[in-house]
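Notes follow the structure.
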Amino acid sequence: MYPSTAGRMRCCGGRWSIELTNSGVPLDVGYERERPLSSVLQNDYVLQEDLSPLLSCHSDGADIVDKERPLLCLKLTIFEEETCIGVSWHHALGDAIATYRFMHTFSQLYQCKSPEFPSFTFKKYDFPPPSDEIATKYHDKIRHLHDPYPSAELGAAFFEANAGVQNLQWRFSGEELRRLRVMVSESGYQTLSTQDCLTAYIVTVFNLVQEKPIRIVTNVCNYRGVSAPFIEENVAGNAFSNAIADRLPVDIAGIASAIHMSIIRTRDAQYLKNYLSVAGDRMLNQANLGKVFLFPPHDDVIVGNSNACIDWCNAHFGFPDGTRFHTCGFSKFYLRSFRSNPVKGADNTWHARAGSVDISIGVPIVLKARLEEIFSRGFQLEEFQDRHAFTTSPQSPRIYTLVHSAVSQVLRNWIGWI
């Protein structure tokens, strides 16, 4: 059903492909009878600091082009009471949606059930190189692709960009998020999503604690649902672009509205076609030069990548109540959102955190304690009213300049199920 996962990455004449070699998928099995799973996991948050003990020894980096290195590796780690399924999924195989559908199908077949998702399709639209006019028009819309690095220098550049940064994690309950959305929507924005409101709240909190305000929010956007001849809903690959809302207003409702409108505008088929042509041409040229992109952080930019719409724990392999999902990786001002994992109660049964969301974002060490203190007080939006004019209607979203960008990652995306 998913032959690409048993394939190998190839480049021939400047064109890239996954050759369907049917090479198989490495599977490691480890037994941990002497120590509990809690010795590996730091807490019950979705995002963990280090999952390497639960991942395959075959997943040794991103240098896989024209070599017999797998794009998918699996590892089972069997503890006394639980089994971990460690998944090393190369981003060339697809985005988070593709990963989830693969693992969900795997789970269904394991339980002798019919798959709920169709097999991947490999129909790919071949975008022609953009005209000079289109390339010039969209040049500023792919700002994150302007500064590529040789692959050997990427790691050092990443660590330099994230020096002095720690991961901040927080959990918002379903009731807290419902209340936040109601409060923001009372300002007249009835179509705002919960994530729009949550991101706007986080931006507002950041603007309380740092001198340089957040003025740009970039969101990674899935465009599989856009109706266009060049889009296949179940495509094997990375069907996402970036939506950027800049020149943000200062009130929470205005920020949420600007974010919402920036995402809506990515749904325009002609714009998306032009953008993918320009971004794809840029990425292809740099890949053929052996270069990759860092996506460097900026003090006035928050980048959001929400997985909250994906029920990762639904790939449960027969344990719907107690299955948890974990992943790792953070960087400065990179906001990640996930549905919270279930937790085992004092009665030794598992309980779902209905509607609860875990967030993770890399922040300067000097700001972390202050941010946590504000989050601990809950959504007290009235404290922002004087400084951020919460009850004042924002300027029309039409004035916001929208910049869209596609993400191309050659490094692995580490994902693990428990």
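Rule-based calculations on the coordinates, nothing more; no lab input. Just so it is clear, the structure is predicted and the values come from calculations on it, not from any experiment. With ideal geometry, Cβ positions are generated from the backbone for all residues, glycine too; neighbour counts draw on all protein chains shown.
Structure summary
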{"quantity": "Length gained when the stretch residue 247-residue 211 is fully extended (0.36 nm per residue, less Cα-Cα span)", "calculated": "11.3 nm"}
{"quantity": "Choice from 57, 313, 84 with maximal GNM fluctuation in the chain (Cα, 10 Å cutoff)", "calculated": "57"}
{"quantity": "Cβ-based net charge around residue 220, under 11 Å, with every Lys or Arg adding one and every Asp or Glu removing one", "calculated": "0"}
{"quantity": "Given the chain, longest segment not containing exposed loop GluC sites (Glu not before Pro) (DSSP; at most 10 other Cβ within 10 Å)", "calculated": "212-418"}
{"quantity": "Region 200-292: chymotrypsin sites (Phe, Trp or Tyr not before Pro) falling in loop per DSSP and having at most 16 other Cβ within 10 Å", "calculated": "230"}
{"quantity": "Summed residue charge, Cβ within 12 Å of residue 45's Cβ, Lys/Arg positive, Asp/Glu negative", "calculated": "+2"}
{"quantity": "Max mean-square fluctuation residue, GNM over the chain, Cα-Cα springs under 10 Å, options 255, 365, 97", "calculated": "365"}
{"quantity": "Residue order, fewest to most beta carbons within 10 Å, for 257, 173", "calculated": "173, 257"}
{"quantity": "Trypsin sites (Lys or Arg not before Pro) lying in DSSP loop within region 42-142, provided at most 16 other Cβ fall within 10 Å", "calculated": "67, 113, 123, 124"}
{"quantity": "Relative contact order (percent, whole number), the chain, Cα cutoff 8 Å, 6+ residue spacing", "calculated": "25 percent"}
{"quantity": "For region 41-59 versus region 154-230, the gap between their alpha-carbon centres in whole angstrom", "calculated": "24 Å"}
{"quantity": "Trypsin sites (Lys or Arg not before Pro) within region 1-57: DSSP coil, no more than 10 neighbouring Cβ in 10 Å", "calculated": "33"}
{"quantity": "Candidates 204, 99, 191: whichever shows maximal mean-square fluctuation once the chain is modelled as a Gaussian network with Cα springs under 10 Å", "calculated": "191"}
{"quantity": "Value in Å of the Kirkwood radius, where region 132-417 supplies the Cα pairs that are averaged", "calculated": "20.3 Å"}
{"quantity": "Percent breakdown of C-alpha pair distances by 5 Å bin, ordered from the shortest bin, for region 3-110", "calculated": "2, 11, 18, 22, 19, 13, 8, 4, 2, 1, 0"}
{"quantity": "Positive-end extreme of charge dipole, region 132-417 - chosen from 304, 375, 284 (charges on Cβ)", "calculated": "284"}
{"quantity": "Sequence of 312, 350 once ranked by neighbouring C-beta atoms within 10 Å, starting from the fewest", "calculated": "350, 312"}
{"quantity": "Cα-based convex hull volume of region 28-178 per residue, rounded to whole Å³", "calculated": "254 Å³"}
{"quantity": "Charge tally in the Cβ shell below 15 Å around residue 101, where Lys, Arg are +1 and Asp, Glu are -1, residue 101 excluded", "calculated": "-3"}
